[in-house]
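Step one of this worksheet: look at the structure below.
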Amino acid sequence: MFNRAVALMDLSPGLEEKIRVCNATYTVRFGVRLRGSLHTFTGYRSVHSEHMEPVKGGIRYAMGVNQDEVEALAALMTYKCALVEAPFGGSKGGLRIDPREWDEHELEQITRRFAYELAKRDLIHPSQNVPAPDMGTGEREMAWIADQYRRMNTTDINAAACVTGKPTNAGGIQGRTEATGRGVQYALREFFRHPEDMKAAGLTGTLDGKRVIVQGLGNVGYHAAKFLSEEDGCKIIGIIERDGGLFSEDGIDVEAVHKWIAAHGGVKGYPSTTYQENGATLLEAACDILIPAALEGVIHMDNAAKVKAPLIIEAANGPVTAGADEILRKKGCVIIPDMYANAGGVTVSYFEWVKNLSHIRFGRMQRRAEEARNELIIAELERLDDMLEHRWSMTPDFKAKYLRGSDELELVRSGLDDTMRKAYQDMSAMWHSRDDCEDLRTAAYLVAIDKVAASYRAKGL
């Protein structure tokens with residue numbers, strides 16, 4: 001995919017190669033004494049590009065973690081950050097472990113040792129390398145990592161900025177947990193503001209009433225499906241999970257399914273829907289929007305031709321293989337690419353990093369001043385209302401809504417919405433301005449690579 005985009009650009013061979021390759025990958029094998037014996041774990045931290053620093057990227061816990069995967073995901077982070085104008089280079093980390101095999105205390109010991117091994121080489125550092133959650137990790141692991149870094153760097157006033165995705169009571173930011181799913185929602189909203197792009201997918205109207213199938217009801221898929229159904233009127237007709245899939249043309253209650261999974265460990269047995277043991281077959285069901293939000297490579301050369309959705313939005317990293325991407329493009333399917341669609345996470349991670357470095361929550365300085373100014377306007381309107389002997393009146397709830405200043409969550413959502421809109425507009429403009437740019441993915445790469453190249457040139461490379 002990189003090669004396809006870079007072939008359309010006028011880069012020197014040397015600069016092209018510099019952007020393509022991974023700068024460094026560190027492999028660590030460390031031991032932790034657990035359950036009466038010593039266990040050795042293998043972990044990775046890859047730095048793809050340092051055109052901007054710090055570098056940014058999640059840490060995943062999975063048995064499939066390997067060097068190639070970590071390096072590929074680090075490259076994707078470089079382009080993702082460039083596309084949404086987050087001032088980071090790309091990085092990624094992984095630990096080859098099944099977190100379900102260990103209890104909480106054991107996982108904490110393993111995580112702290114992994115963090116120690118990375119931090120002592122500055123592969124966790126507020127100004128050099130800032131991890132975040134990924135598959136198999138979350139707020140809990142990030143809090144352990146941040147605490148371990150702080151123990152090793154007791155005089156670093158910016159220690160909280162060494163990692164993002166922390167709990168709000170440990171230096172995190174409101175809206176981070178929902179950020180990637182919320183970003184998917186904002187991406188779709190922006191897509192539906194572009195008639196030319198909708199026409200390419202054969203779609204009309206708005207998000208309201210659109211039939212959606214979601215693959216993976218983890219953090220990203222759950223929040224995306226929840227927001228799209230509750231706020232935009234989408235109808236979630238299919239949900240695919242590890243143990244099968246649910247389908248109902250009448251729509252599925254996302255919140256109810258989420259609670260069912262938490263209670264039963266899967267979707268099997270959920271009432272009022274059709275259960276399919278092979279959930280992957282639902283990827284081929286008729287719908288308006290398909291949201292793969294779990295693992296990479298779920299749409300491949302064997303099933304791509306059977307996919308009926310005219311619009312796919314990649315909420316996961318790499319859910320469509322390169323071969324499948326070509327098949328889908330020839331069919332006329334529009335794909336909103338992962339490097340843009342799931343960039344909500346790194347965007348809000350950027351806000352959290354800035355908050356940690358500024359040592360103040362967003363809204364603290366200006367919220368009451370904003371409310372006081374609004375109070376003046378409301379008071380003046382009420383005075384005019386009295387003078388006109390109540391011949392007009394304000395809309396119910398207008399006063400309460402207008403008087404309320406923006407809190408941190410609203411400011412985070414506003415910043416995320418603005419970021420997703422601007423990035424999509426850049427992508428769409430590139431798509432339609434060049435005859436040789438066939439799709440949004442190529443457009444995204446062109447925009448991102450151009451920004452990375454400009455950074456390297458500014459450094460004198």
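The values are calculated or read from the model by the stated rules, or taken from the named source; none is laboratory data. All of these numbers come straight from a predicted model, not from anything done at the bench. FYI the Cβ positions are ideal-geometry reconstructions off the backbone, even for glycines, and counts take in every protein chain you see.
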Selection from the stretch 228-257 of residues outside any strand (DSSP E or B) and either more than 26 Å from the chain's Cα centre (by Cα) or over 27 Å from F191 (Cα atoms) (or both) yields R242, D243, S248, E249, D250, A256, V257
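Here's the yes/no breakdown for (1) surrounded by fewer than 14 Cβ atoms within 10 Å (Cβ to Cβ); (2) assigned to a helix (DSSP H, G or I):
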{"site": "L290", "(1), (2)": "no, no"}
{"site": "A294", "(1), (2)": "no, no"}
{"site": "G323", "(1), (2)": "yes, yes"}
{"site": "Y340", "(1), (2)": "no, yes"}
Take the residues in the stretch 81-105 that are in a helix (DSSP H, G or I) and either among the basic types (K, R) or in contact with a His (Cβ under 9 Å, 6 or more places away or on another chain) (or both); name whichever of them is nearest to G345 (Cα to Cα). A82
In the stretch 414-450, the residues that are of a type in the set (K, R) and surrounded by fewer than 19 Cβ atoms within 10 Å (Cβ to Cβ): R421, K422, R434
Test result for S455, assigned by TED's automatic domain parsing to the domain that holds R193 and under 30 Å from N3 (Cα atoms): yes
Give me a count of the residues in the stretch 130-181 that are surrounded by fewer than 21 Cβ atoms within 10 Å (Cβ to Cβ), among the β-branched types (V, I, T) and assigned to a loop (DSSP other than H, G, I, E, B). 4
Residue that is surrounded by fewer than 24 Cβ atoms within 10 Å (Cβ to Cβ), of a type in the set (K, R) and free of Cβ contacts under 8 Å to residues at least 40 places away in the same chain, where the choices are R361, R383: R383
Within the stretch 392-399, identify whether any single residue is assigned to a helix (DSSP H, G or I) and within 25 Å of G345 (Cβ to Cβ), and answer yes or no. no
Residue that is farthest from C162 (Cα to Cα) [pool: residues in the stretch 37-57 that are assigned to a loop (DSSP other than H, G, I, E, B) and not acidic (D, E)]: H51
Output yes when any residue across the stretch 387-397 is in contact with a helix residue (DSSP H, G or I) (Cβ under 9 Å, 6 or more places away or on another chain), in the same structural domain as G183 (by TED's automatic domain parsing) and free of Cβ contacts under 8 Å to residues at least 40 places away in the same chain, and no when none is. no
How many residues does the stretch 414-438 contain that are over 26 Å from G89 (Cβ atoms) and in contact (Cβ under 8 Å) with a residue 12 or more places away in the chain? 4
For residues in the stretch 2-36 being aliphatic (A, V, I, L, M) and in a loop (DSSP other than H, G, I, E, B), which is farthest from the chain's Cα centre (by Cα)? L11
